[in-house]
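Colleague: Sending over a structure as structure tokens; questions will come in a sec.
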Amino acid sequence: MAMQETKINVIILTGFLGAGKTSVLNNLLILYSNQKNMVIENEFGSESVDGNLVKLKQERVFELNNGCICCSLGEELYAVLREIAELSTPPDNVFIEASGLADPGALASVFIFETISEYFVVKSVIGVVDAVLFEDSLTQVPEAGRQLAIADLILLNKEAMVANGYTKSLEQKIKHINPLSVVFPTNHGKVTKEMVAQNLTRDTQLFDYQETHPHTHSDVKSILLDFKDAVFDLGRLRSILTVSLFLHYHQIYRIKGFVRVNESKGLYLVQSVGQQLSIIPVESKKDQKPFLVVIGKGLTRKGIMKLFSKGFDHGAMSRYIGEA
């Protein structure tokens with residue numbers, strides 16, 4: 001691949017069949033029409049985006065139609081990314097519209113490989129939800145819960161087709177499954193730069209999370225871990241999470257939060273999507289408290305606490321193991 005100074009931004013669009021991903025994609029291309037964009041599409045049996053893109057200009061569309069982008073199309077996806085990176089003038093953005101059955105965590109994990117991450121960076125995973133069919137999809141389609149858990153920005157599409165009170169109820173249910181996401185009701189796949197910007201600026205800002213245990217029809221749950229007195233060994237924490245995400249990828253969908261490590265007085269931001277892990281120092285607010293939110297399937301507080309306690313610095317307080 002050709003070397004380049006600036007990495008190409010990747011925006012992944014996910015959502016169940018018919019939720020409105022193509023409409024969102026078209027609106028995103030309008031928003032970023034002053035930049036060079038390319039599209040990778042992997043949708044079964046839906047209307048091709050190729051004929052509907054607005055103001056393509058320099059954009060190209062790569063269609064992967066022979067399987068799911070996150071599994072059987074792995075080599076084909078890699079070939080497309082390599083072709084894009086080797087262009088004499090690479091794009092600013094690559095938008096990936098995944099199949100409604102795709103696992104966005106597996107797709108995002110492609111970008112942890114050094115040969116890919118050297119040229120591309122996943123900026124956002126946008127989940128598109130059909131307000132009318134959301135609850136049915138959540139109970140009938142296993143991928144629906146995972147798609148919600150992975151997304152940074154969730155668009156509750158077709159909200160005009162349901163009652164206002166029901167929309168509020170759906171927003172709450174989505175936030176219970178994924179408290180780390182930003183949720184916006186919308187229609188016709190409308191998305192604004194403000195929505196995307198609010199999502200992208202949350203990584204180093206103080207965000208509040210109140211753990212709740214509502215009655216929902218999803219087996220995806222979130223667990224809040226309070227680490228206000230704990231200090232982690234950075235190398236040990238990175239190693240433990242890397243192995244755990246590899247082995248328990250189908251259980252641990254998402255991790256995000258702040259921790260203290262033994263090499264620094266400041267906080268480190270811990271994030272994972274699928275098998276993609278990032279632990280970096282950040283400039284946090286003075287009142288930012290260390291904590292982690294873990295989202296996944298079949299999780300228990302005791303099991304998650306035991307996992308993270310293995311990453312404690314030897315001088316850290318061991319009381320967490322007892323509290324687990």
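Colleague: Scan the range 178-218 residue by residue and report those that are touching a Gly at 6+ places or on another chain (Cβ under 7 Å) and either modelled with pLDDT under 85 or hydroxyl-bearing (S, T, Y) (or both).
Modeller: Matches in the range 178-218: S218 only.
Colleague: Looking at K285, K289, K265, which is the one that is in contact with a Lys or Arg (Cβ under 7 Å, 6 or more places away or on another chain), at pLDDT below 85 and more than 20 Å from F111 (Cβ to Cβ)?
Modeller: On the way: K285 fails: in contact with a Lys or Arg (Cβ under 7 Å, 6 or more places away or on another chain); K265 fails: in contact with a Lys or Arg (Cβ under 7 Å, 6 or more places away or on another chain).
Residue meeting the stated conditions: K289.
Colleague: Looking only at strands (runs of 3 or more DSSP E) that lie completely in the range 246-301, which have at least 2 residues being touching a residue at least 60 places away in the same chain (Cβ under 8 Å) and either over 19 Å from the mean Cα position of the chain (by Cα) or surrounded by 21 or more Cβ atoms within 10 Å (Cβ to Cβ) (or both)? Break it down stepwise before answering.
Modeller: Details: elements: 252-260, 267-273, 276-282, 291-297.
Because the criterion is at least 2 residues that are touching a residue at least 60 places away in the same chain (Cβ under 8 Å) and either over 19 Å from the mean Cα position of the chain (by Cα) or surrounded by 21 or more Cβ atoms within 10 Å (Cβ to Cβ) (or both), the strands (runs of 3 or more DSSP E) in the range 246-301 that meet it are 252-260, 291-297.
Colleague: I need the full set of residues from the range 120-144 which are modelled with pLDDT of 85 or more, in a helix (DSSP H, G or I) and within 20 Å of the chain's Cα centre (by Cα), in order please.
Modeller: Once the filter is applied, which keeps residues that are modelled with pLDDT of 85 or more, in a helix (DSSP H, G or I) and within 20 Å of the chain's Cα centre (by Cα), the range 120-144 yields only F134.
Colleague: Conditions first: (1) within 29 Å of P185 (Cβ to Cβ); (2) surrounded by fewer than 23 Cβ atoms within 10 Å (Cβ to Cβ). L148 passes all but one, so which condition is the exception?
Modeller: So L148 meets the others, but not (2).
The values are calculated or read from the model by the stated rules, or taken from the named source; none is laboratory data. Predicted model only: the values in this text are computed from it and were never measured. Positions of Cβ are backbone-derived with ideal geometry, glycine not excepted, and every protein chain shown enters the neighbour counts.
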